[in-house]
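Have a look at the structure below before the remarks.
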Amino acid sequence: MRLLKTWFPLLLALLLSACATAGRMDRNQALQQAQYAYSAAIRWGDFEGAWNMVEPAFRSAHPMTDLDFERYKQLQVSGYTELGAQGTTDTAEREIQIGVINRNTLVEHQVRYTELWRYEPVAKTWWLTVGLPNLSQAQ
């Protein structure tokens, strides 16, 4: 019985830490999946799909018009490169460089863009909090 009293708290602590680690790993995996889906949407020119990954509060405050989406159709994404990333349990930041070709002039330029992500525990999803990149700005 004395042995049980000694080992039980240790086993309980190990189980609780394993649960916390598993939850953190699930959240990290969900972030990676969200970022991959978002970057794929941008690379393939699916800006309406990418817009659906933007936080609902941001979409309500900054609605996109049909004209906004038509402007994106004039552009072709030629590259999407992650330059750096950092984050915490509930937030993540990723610096991106996007290659953009204007379909009318066939001129390519580079745009730097910082993605800011936030985890929503109720919905158990990651949302982009900054909206779509402004691809008309050359750098």
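None of the figures in this text is laboratory data; all of them are computed from the coordinates on show. Source: prediction; values computed, not measured. FYI the Cβ positions are ideal-geometry reconstructions off the backbone, even for glycines, and counts take in every protein chain you see.
Odds and ends about this structure:
- Whichever residue in region 49-77 is within 20 Å of the chain's Cα centre (by Cα) and charged (D, E, K, R) and, among such residues, is surrounded by the fewest Cβ atoms within 10 Å (Cβ to Cβ): ARG59
- Residue list for region 48-94, restricted to those being within 15 Å of ARG118 (Cα to Cα) and of a type in the set (Asp, Glu): GLU55, ASP90, GLU93
- For region 28-61, a residue qualifies if it is of a type in the set (Phe, Trp, Tyr) and within 14 Å of ARG94 (Cβ to Cβ), and the qualifying residues are TYR36, TYR38.
- Residue within region 108-126 that is part of a helix (DSSP H, G or I) and at negative phi present: no
- Between ALA57, ALA41, ALA34, the distinction of being part of a helix (DSSP H, G or I), touching a Leu at 6+ places or on another chain (Cβ under 9 Å) and not polar (S, T, N, Q) belongs to ALA34 only.
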